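Read the figures in this text as sums done on the coordinates, not as results from a lab. Fair warning: this is a prediction, and the values are worked out from it, not measured in the lab. Cβ sites come from the backbone with ideal geometry, for glycine too, and all protein chains shown count toward neighbours.
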Amino acid sequence: MLLEISDIHVHYGKIAALKGITAEVDQGEIVTLIGANGAGKTTTLKTVSGLRGLSSGAIRFDGQDISKMPGHKRVLVGIGQAPEGRGIFPGMTVEENLLMGAYARKDDPAKELAEAFDLFPRLAERRKQMGGTMSGGEQQMLAIGRALMAKPKVLLLDEPSMGLAPMLVQQIFSIIQEINRRGTTVLLVEQNAQQALQIAHRAYVLETGRVVKSAPAAELLDDPEVRAAYLGGE
Ligand code: ATP
């Protein structure tokens with residue numbers, strides 16, 4: 001397994017946000033976490049990337065226990081995150097934003113820059129435009145492109161479709177599939193469960209800080225309970 005999350009508990013002050021989440025992501029997979037608001041999806045991602053600490057449990061990545069490893073070191077071992085709300089640098093150009101994603105690497109990022117522009121032609125067209133003047137969808141692409149610049153083994157995506165027009169939602173999901181086809185493992189958090197399950201190999205359903213179901217994504221698409229709760233009912 002590339003990523004193993006074992007019985008993790010996470011608190012915000014006295015509030016238990018995660019009450020024993022166990023989940024795995026294998027090399028080459030797209031795995032999605034679905035669930036209602038407040039179920040703990042974002043917190044799970046933040047705990048994997050090191051933005052939140054564990055109260056108990058463990059996270060192993062690529063053969064090592066990273067439970068106590070600081071976030072900036074996790075980037076170096078291969079955990080990339082495109083944060084919810086984008087978090088790009090508004091006063092830097094698109095190209096400069098992308099290059100920031102490679103700042104911790106010592107080799108020449110030219111190849112990754114070309115690859116990001118190949119995945120996102122829109123970013124190539126606008127490489128000299130200020131990040132802050134890009135549309136919401138373009139900023140989302142930029143945030144994903146920037147995370148890829150660090151050549152992550154796993155890419156953590158938090159609500160990549162949030163706030164996007166329907167056509168862009170389609171585009172973002174097919175780009176995520178393409179990123180995965182090119183060799184990057186993906187852990188995806190989405191409100192848009194239908195679309196997420198369509199591109200994922202496996203999925204975990206979270207409810208109030210616990211995993212209540214895990215199965216191949218195709219199975220969950222047909223699961224009556226999942227359909228009723230997360231896929232709009234029919
Ligand atoms: P959403 O889709 O609404 O973002 P989520 O499944 O990602 O939901 P989390 O954001 O992980 O859920 O939140 C899990 C729980 O932790 C919620 O009850 C939330 O209110 C709580 N929580 C999250 N962040 C904080 C914080 N900074 N301080 C206090 N409680 C928090």
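Quick look at the values:
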{"quantity": "Of every Cα-Cα pair in the stretch 94-218, the percent that sits beyond 19 Å", "calculated": "50 percent"}
{"quantity": "Two-site label geometry, Gln194 and Arg210: point separation in nm, points 7 Å out along Cα→Cβ", "calculated": "3.0 nm"}
{"quantity": "From phi via Karplus (6.51, -1.76, 1.60), per-residue ³J(HN,Hα) for the stretch 75-81 in Hz, x at Gly/Pro", "calculated": "4, 5, 8, x, 9, x, 10"}
{"quantity": "Coil-residue trypsin sites (Lys or Arg not before Pro) of the stretch 139-234, DSSP, other Cβ within 10 Å capped at 15", "calculated": "Arg182"}
{"quantity": "Degrees separating the helix 110-119 axis from the principal Cα axis of the chain, which is the longest one", "calculated": "70 degrees"}
{"quantity": "Top of Ala217, Ala110, Ala82 by mean-square fluctuation, Gaussian network on the chain, Cα under 10 Å", "calculated": "Ala110"}
{"quantity": "Other-chain or far-sequence residues with amide H under 5 Å of Thr93's (modelled H)", "calculated": "Gly131"}
{"quantity": "Karplus-derived HN-Hα couplings along the stretch 41-47 (A = 6.51, B = -1.76, C = 1.60, θ = phi - 60°), whole Hz, x at Gly and Pro", "calculated": "5, 4, 4, 4, 4, 5, 6"}
{"quantity": "Inverse mean reciprocal Cα-Cα distance (Kirkwood Rh) of the stretch 35-86, Å", "calculated": "11.7 Å"}
{"quantity": "Share antiparallel - DSSP beta bridges, the chain, percent rounded to 5", "calculated": "55 percent"}
{"quantity": "Size of the chain as Cα extents on the principal axes (Å, biggest first)", "calculated": "47, 42, 32"}
{"quantity": "Dipole moment magnitude, nearest 20 debye, the stretch 3-231 about Cα centre, only Lys, Arg, Asp, Glu C-beta charged", "calculated": "660 debye"}
{"quantity": "Cα-based helix-to-principal-axis angle, 166-181 vs the chain, degrees rounded to 10", "calculated": "90 degrees"}
{"quantity": "Between 0 and 90°, nearest 10: helix 136-148 axis offset from the chain longest Cα axis", "calculated": "90 degrees"}
